[in-house]
Amino acid sequence: MRFTISREKLQEGLTAVAASIPAKTTLPVLANIMVETTDRGIRLSGTDLDIAVSTEVAADVEQPGALTIPAKKLSEIARELPPAPVRIAAAGEQRVTLDCGKAHFKILGLPRDEFPTFPAVRFNESWRIRSGDLQKLISHTSFAVSTEESRPILNGVLWELRPEQMRMVATNGHRLAKMELPIKSTNAPSSDLIVPPKALEQVRRLFPSDEELEIARGENHLGFRSPFTSVFTRLIEGPYPPYDQVIPKDNNRVAVADKASLVSALKRMSVIASDQTHRIRLSFNAALLRFSVQTPDLGEAQDELPVRFNGDPLDIGFNANYLLEILRYIPTDEVKLTFKAPERAATVEPEGWSDPATYLCLVMPLRLLD
């Protein structure tokens, strides 16, 4: 294996693959990046056995071949190289030389046959989806996944693919985010997938928003690919809870508030809220939302905000952190909140959003102590 590549292209390829390399591993080859020559240049690949990323970058190949090189060291070297072409050559089975300007390195690698093979995903029955649409779904929902190990199914994002639309849902049992988007009709079959958020983050990071992606599933893997980059991930197996049953259909109290003012007030109240529950009382009436918080051993705080409110007056408690997190992803200046009763789920939606997507978040209330 021998090739010449620009420093920028080498750095670009390493940056794309670096996030899939595990920080700690008992399998030494997983700490390496696989470098192999192709017709168009070189392909760099990395994996932690759950997620695999590979990307192709332009290079002048003199002699084909493949080798794995320690990822961390190769990235650190590439970052410090002078702005000149980089010549990389395999010297035997496990050694690689790297020359750039007057700098010369010899690095020990591992043979390519020790590197795990990528999962078998056939792209002949694939969905074709614009990367920007997918990124929109990911960024508005994946924040709501659970981080608790006790219910692994909630550690993933449910992705429902249908011929005319796609939807993503994530929840930890206390709050939920759901977004759906119309898509151009696809030939691939309808499918429900539970995808780890770490894999979706790679997809969001790696593919430019105007690129069209091919997406296909294998037995228990999912593959995303564009002309130069591929991401593969293991799917989370099992049935996702019937989330539709918890989304309220009959909330008859509706408040519309300015999002920035609501966020500011919640942040102020959070300072005095309990570190354990983050409980804040919200009292709604015709034109005013009152905030109050009382924490033993700390003190109390009040604030108020003008709102448009329809329905009977309501006192309800929430975890301020959950509300703030949801509001961060609401794409409009005004936000609509709907309620039924103090012990029933509330919904949070963008108000006046002229977008083909529909977006809804849900948050469970906290019991008020008095």
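Computing the accessible area with a 1.4 Å probe over protein heavy atoms, can you report the carbon and sulfur percentage for the chain? Provide the component values of the computation, followed by the final result.
Details: 8910 of 18180 Å².
For the chain, the apolar C and S fraction of the accessible surface comes to 49 percent.
Structure shown: which of K9/K106; K73/K136; K9/K198; K198/K267 lie over 32 Å apart, alpha-carbon to alpha-carbon?
Details: K9/K106 20 Å; K73/K136 34 Å; K9/K198 25 Å; K198/K267 28 Å.
Exceeds cut-off: K73/K136.
What number comes out for the charge environment of P365, summing +1 per Lys or Arg and -1 per Asp or Glu over other residues with Cβ under 12 Å away?
Value of the local net charge: +4.
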Which number do you get for Rg(Cα) / (2.2 N^0.38 Å) in region 239-320?
-> 1.25
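Let's see if you can work this out: charge +1 on each Lys and Arg Cβ, -1 on each Asp and Glu Cβ, no other charges. What is the dipole magnitude of region 27-135 about its Cα centre, in debye to the nearest 20? Could you put the intermediate results ahead of the total?
Numbers: 13 positive and 15 negative charges, 50 e Å.
Using Cβ point charges on Lys, Arg, Asp and Glu, region 27-135 gives about 240 debye.
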Would you check the accessible area of S292, probe 1.4 Å, heavy atoms only, in square angstrom rounded to 10?
-> 30 Å²
How much accessible surface area, in Å² rounded to 10, belongs to the heavy atoms of T347 with a 1.4 Å probe?
-> 0 Å²
Solvent-accessible area per residue for region 56-210 (1.4 angstrom probe, square angstrom) | 50 Å²
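Let me check something: with ligands and nucleic acids excluded, how do D39, D192, D303 order by accessible area (1.4 Å probe), largest to smallest?
On the way: D39 165, D192 85, D303 40 Å².
Reading off the accessible areas and sorting them downward yields D39, D192, D303.
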Could you tally the net charge around A78, taking each other residue with its Cβ under 14 Å from the Cβ of A78, Lys/Arg +1 and Asp/Glu -1?
-> +1
Positive-end extreme of charge dipole, the chain - chosen from A287, I77, S142 (charges on Cβ) | I77
Would you mind working out the magnitude of the charge dipole of region 217-286 relative to its Cα centre, with +1 at each Lys and Arg C-beta and -1 at each Asp and Glu C-beta, to the nearest 20 Debye?
-> 280 debye
About the Cα centre of the chain, what is the dipole size in debye to 20, counting +1 per Lys and Arg Cβ and -1 per Asp and Glu Cβ, all else neutral?
-> 460 debye
Interchain or sequence-distant (5+) residues whose placed amide H lies within less than 5 Å of the amide H of G218 are G223
Farthest toward the dipole's positive end in region 151-231, which of N187, A216, P227, given Cβ charges of +1 (Lys, Arg) and -1 (Asp, Glu) about the Cα centre?
-> A216
If each part is reduced to its alpha-carbon centroid, region 218-280 and region 80-114 end up apart, in Å, by 45 Å
If each K or R counts +1 and each D or E counts -1, the residues other than G41 whose Cβ falls under 15 Å of its Cβ total -1
Which sequence of K340, K72 reflects their accessible areas, 1.4 Å probe, from the largest down?
-> K72, K340
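The values are calculated or read from the model by the stated rules, or taken from the named source; none is laboratory data. Keep in mind that this is a model prediction, so the values were computed, not measured. Glycine also receives a Cβ, built like all others from the backbone with ideal geometry; neighbour counts cover every protein chain displayed. SASA here: full protein model, heavy atoms, side chains in, ligands and nucleic acids out. Shrake-Rupley method; radii C 1.70, N 1.55, O 1.52, S 1.80 Å.
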